[in-house]
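> I'd like to ask some things about the structure below.
The values are calculated or read from the model by the stated rules, or taken from the named source; none is laboratory data. Computed from a predicted model, the values in this text were never measured in an experiment. Heads up, the Cβs are rebuilt from the backbone with ideal geometry, glycines too, and the neighbour counts pull from every protein chain shown.
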Amino acid sequence: MLPPADLSIASEPFRVGTETFRSPALEILLRHLQTQRKHYVLDLGPACGSNVEFLARFGCKLYIADLLDGAFPGTRVASEPPRAGREVHDRLPVAREDAQFDVILAWDLFNYIRSDALQALCGRLRQLRRQGGVLFALISTRSRIPAEPMRFRIVDDRHLSYEVSSLATRRSPRYVSSEMERLLPGFRVTRSFLLRNGMQEYVFTLS
């Protein structure tokens, strides 16, 4: 369980604005989408027009859940990480055999919710995943993270950008691979990339 957020001014080099970085995990996701059949993509973050436009190139059917303020209200300004709630079930689509998701984009959501909320969310995602599909998440390796979740955009086939809106920070859970697999039973880490910007990219598959 995470401690209260304890917001403060950043002691690590976050800058307000937008930063672009190379994303090896994005390259894996896009290769996964480069097939003939129709793909279903679940985005757990807020709607982003440029991401919708980019993914449309692959003929994807995109479902946007926006869990940050939807399933976990107050995530961006909460005094402590939010608990799991009924909204997790209400915000996510109903599991259907003919519309299971090939790619799930979690972005940095896992850094901002309690471990019990993460496990509850995982239970629902297992029902929605197509066998062999992938889950993408960015986990902070820093001791502190921006107080508000960052907004991620797909720049091109190799790059993502993220936007930091404030210098305020909160403590980071700093999940490691073994802990992620414990909190996400049924999911297996297949690729992991440690980035210079203090984040680690994870690609999970349904085991």
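> Cβ-Cβ below 7 Å, separation at least six or inter-chain, first residue in region 191-207 and closer than 15 Å to Phe14 by Cα, second β-branched (Val, Ile, Thr) and at pLDDT below 95: which pairs?
Sorted first by the residue in region 191-207, then by its partner, the pairs are Gly198/Thr141; Met199/Thr141.
> Does Glu163 satisfy the condition of being under 14 Å from the mean Cα position of the chain (by Cα) and either in a strand (DSSP E or B) or crowded, with 17+ Cβ neighbours inside 10 Å (or both)? It would help to see each step written out before you state the result.
Details: under 14 Å from the mean Cα position of the chain (by Cα): no; either in a strand (DSSP E or B) or crowded, with 17+ Cβ neighbours inside 10 Å (or both): yes.
Taking the combined requirement at face value, the residue does not satisfy it.
> Are there any pairs with C-beta distances below 8 angstrom linking a residue in region 28-39 that is in contact (Cβ under 8 Å) with a residue 12 or more places away in the chain to a residue that is part of a helix (DSSP H, G or I), with the two at least 6 apart or on different chains, and if so which?
If the second residue must be part of a helix (DSSP H, G or I), the pairs left are Leu33/Leu55; His39/Leu33.
> Which of the residues spanning region 185-203 are more than 18 Å from Thr141 (Cα to Cα) and buried (at least 17 other Cβ atoms within 10 Å of the Cβ)?
Of everything in region 185-203, just one residue is more than 18 Å from Thr141 (Cα to Cα) and buried (at least 17 other Cβ atoms within 10 Å of the Cβ), namely Phe187.
> Now for a separate question. Just to be sure I understand, how many residues within region 23-49 are in a loop (DSSP other than H, G, I, E, B), of a type in the set (A, V, I, L, M) and surrounded by 13 or more Cβ atoms within 10 Å (Cβ to Cβ)?
Here the count works out to 1.
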